[in-house]
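Worksheet: the structure to be examined is printed underneath.
What follows is calculated from the coordinates using simple rules that are stated; it is not laboratory data. Everything quoted here is computed from the prediction, not taken from an experiment. Neighbour counts run over all protein chains shown; Cβ positions are idealised from the backbone, glycine included.
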Amino acid sequence: MSTAHAYPHEDTGVETRKLGMWVFLSTEILFFGTLITTFMIFKGKDFPGIKLTDVYDIPFTSISSFVLLMSSLTMVLAHNALESDDQEKTRVWLLATAMLGAVFLAGQIYEFTEFYHKGFELDTNIFSSSFYVLTGFHGLHVFIGVVLLLSLWGIGQRQNGLTLESGMNLEFVALYWHFVDIVWIVLFTVVYLI
Amino acid sequence: MSNSHLSHPTPKKYVQIAIVLGVLTAIEVALYYTEEIVGSFTAPLLVTLAIGKFVIVVGWFMHLRFENKTVNRFFTGGMILALILFAIVMFERASANYF
């Protein structure tokens, strides 16, 4: 069974690149924290134009949320497979994660298109602007994640295998992907359910 | 104390965790549709469920509970700063509405 590694040669006891990834994620928390705070300032206030509650589709968004949540499972299974040096399973789970991410993105594009057709546009009011900026930036992060996943999958195919030690590290991409998932956990509750 | 000696979960355990996450999501959606019955408890319950899901993903899928203390501090630090920002702005908003 695999174990997490300690790095006694580093002063911090953590691999520097990995620590850097966590510091990056910490800054991302502040980035999304600011966007969520801005959204919450305007949520519940009365603005002219159509309201978000008039246009959104909770069953649809719930399924999208479930898809993204399950992509975290396939991601962690890819990481687990690589720790066991099972290259075939690693590639399969990586591709599955990228596909689930793409499904989520397609759902978001469909949702935004529907909102626009119903009149809830970027410039409808300041609340709609904060909604599109918040969920749009999350969508951009998902897109970047899908590109990273497909790149890893491609590298795995070309180089006949991935490693956890060097190159574009699957562990860091996994951390990024799970982060995108936890941001959506918060957004789903704050934006749609409350 | 570092938890780096702890073993990561097995694939079976990961699937069980994912099932728990799926069930929590289903409860969230059910709460949304039963708001009239649950009443004022709906929002606190939804926030609690979201925090639960957040902690599960960060702890098990991101392996934070198995990580070095330094890593934990950076992530928790970011969370605390974001929550302080949120609290200050919400307090200001409430004050502005009150006065």
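Take the Cα coordinates of region B:11-55, assign each an equal point scatterer, and use the Debye formula without solvent to give log10 I(q)/I(0) at q = 0.21, 0.32 Å⁻¹.
Here the Debye-derived log intensity ratios amount to -0.67, -1.10.
Can you give me the relative contact order of chain A as a percent, contacts being Cα pairs under 8 Å and 6 or more apart?
Values: 175 pairs, mean separation 52.9, N = 194.
Relative CO of chain A lands at 27 percent.
Could you tell me which of B:88, B:68, B:24 has its Cα farthest along the dipole of chain B towards the positive end, charges placed at Cβ (Lys, Arg +1; Asp, Glu -1), taken about the Cα centre?
B:68
Only counting other Cβ atoms within 10 Å, I'd like A:42, A:131 sorted with the fewest neighbours first.
Values: A:42 16, A:131 22.
By the 10 Å Cβ count, ascending: A:42, A:131.
Could you tell me whether region A:1-100 comes out rounded, prolate or oblate from its Cα gyration tensor? Rule is a ≥ b ≥ c as square roots of the eigenvalues, rounded for a/c under 1.5, then prolate if a/b exceeds b/c, otherwise oblate. Intermediate results must be reported in sequence, preceding the final value.
Details: a/c = 4.67, a/b = 1.60, b/c = 2.91.
Oblate, because a/c is 1.5 or more while a/b does not exceed b/c.
Take the Cα radius of gyration of chain A and divide it by 2.2 N^0.38 Å, with N its residue count; two decimals is plenty. Let's see the in-between values first.
Working: Rg = 18.9 Å, N = 194, 2.2 N^0.38 = 16.3 Å.
Relative to the 2.2 N^0.38 Å estimate, chain A comes out at 1.16.
Averaging sequence separations of C-alpha pairs under 8 Å and six or more residues apart, then dividing by the length of chain B, give the relative contact order as a whole percent.
42
Where a Cα-Cα gap under 13 Å defines reach, which aspartates and glutamates qualify for residue A:51, not counting those fewer than 8 residues away within the same chain?
A:121, A:123
If you count, for every residue in B:73-85, the Cβ atoms of partner chains within 10 Å of its Cβ, what is the mean? Numbers along the way, then the final one.
Values: counts 2, 11, 6, 2, 4, 11, 4, 1, 5, 10, 3, 1, 5.
Mean partner-chain Cβ count within 10 Å for B:73-85: 5.
Convert each backbone phi in region A:81-92 into a coupling constant with the Karplus relation 6.51 cos²θ - 1.76 cosθ + 1.60 (shift: θ = phi - 60°), then list the ³J(HN,Hα) values in order as whole Hz, x for Gly and Pro.
Residue by residue, region A:81-92 yields 5, 5, 5, 8, 6, 9, 5, 5, 5, 4, 5, 4 Hz.
Could you tell me the calculated FRET efficiency between residue A:126 and residue B:35, based on Cβ-Cβ distance and R0 = 25 angstrom, to the nearest 0.05? Spell out each step's value before the answer.
On the way: r = 26 Å, r/R0 = 1.04.
Efficiency, from the Cβ-Cβ distance: 0.45.
Any number yet on Rg/Rh for region A:55-103, C-alpha, Kirkwood? Working shown, then result.
On the way: Rg = 13.2 Å, Rh = 11.4 Å.
The Rg/Rh ratio comes out at 1.16.
Please label the shape of region A:41-153 as rounded, prolate or oblate, based on the square roots a ≥ b ≥ c of the eigenvalues of the alpha-carbon gyration tensor (a/c under 1.5 means rounded; beyond that, a/b larger than b/c means prolate, else oblate). Present the calculation step by step, with values, prior to reporting the outcome.
Working: a/c = 3.17, a/b = 2.91, b/c = 1.09.
Judged from the Cα gyration tensor, region A:41-153 comes out prolate (a/c at least 1.5, a/b above b/c).
Straight-line reach from residue B:69: which lysines have a Cα under 28 Å away, not including same-chain ones fewer than 8 places off?
A:18, B:12, B:13, B:53
Of the options A:34, A:150, A:75, report the single residue whose Cα projects farthest towards the positive end of the charge dipole of chain A (beta-carbon charges: Lys, Arg +1; Asp, Glu -1).
Farthest towards the positive pole: A:34.
By counting other Cβ atoms within 10 Å of each Cβ, how are A:165, A:121 ranked from fewest to most? Don't jump to the answer; show the numbers that get you there.
On the way: A:165 8, A:121 16.
Starting with the residue having the fewest Cβ neighbours, the order is A:165, A:121.
Per residue of region A:130-138, what does 6.51 cos²θ - 1.76 cosθ + 1.60 with θ = phi - 60° give for ³J(HN,Hα)? Whole Hz please, x for Gly and Pro, Karplus curve as stated.
Rounded to whole hertz, the list is 5, 5, 5, 5, 5, 6, x, 5, 5.
Run the simple label-point estimate for residue A:118 and residue B:86 please: 7 Å along Cα→C-beta, distance reported in nm.
Taking the simple label geometry, residue A:118 and residue B:86 are separated by 2.5 nm.
Which of A:53, A:37, A:97 comes first, and how do the rest follow, when ranked by fewest Cβ neighbours within 10 Å? Don't skip to the end; give the middle numbers.
On the way: A:53 8, A:37 19, A:97 28.
Going from sparsest to densest Cβ surroundings: A:53, A:37, A:97.
Please report Rg over Rh for region A:26-68, where both radii come from the alpha carbon positions and Rh follows the Kirkwood definition.
On the way: Rg = 13.8 Å, Rh = 12.8 Å.
Here Rg/Rh amounts to 1.08.
Return the distance in nm (one decimal) between the two label points of a simple spin-label model at residue A:140 and residue A:58, each offset 7 Å from Cα along Cα→Cβ.
3.1
If you take all C-alpha pairs in region B:1-95, what percent of them are over 22 Å apart?
Numbers: 2201 of 4465 pairs.
Across region B:1-95, Cα pairs with separations above 22 Å total 49 percent.
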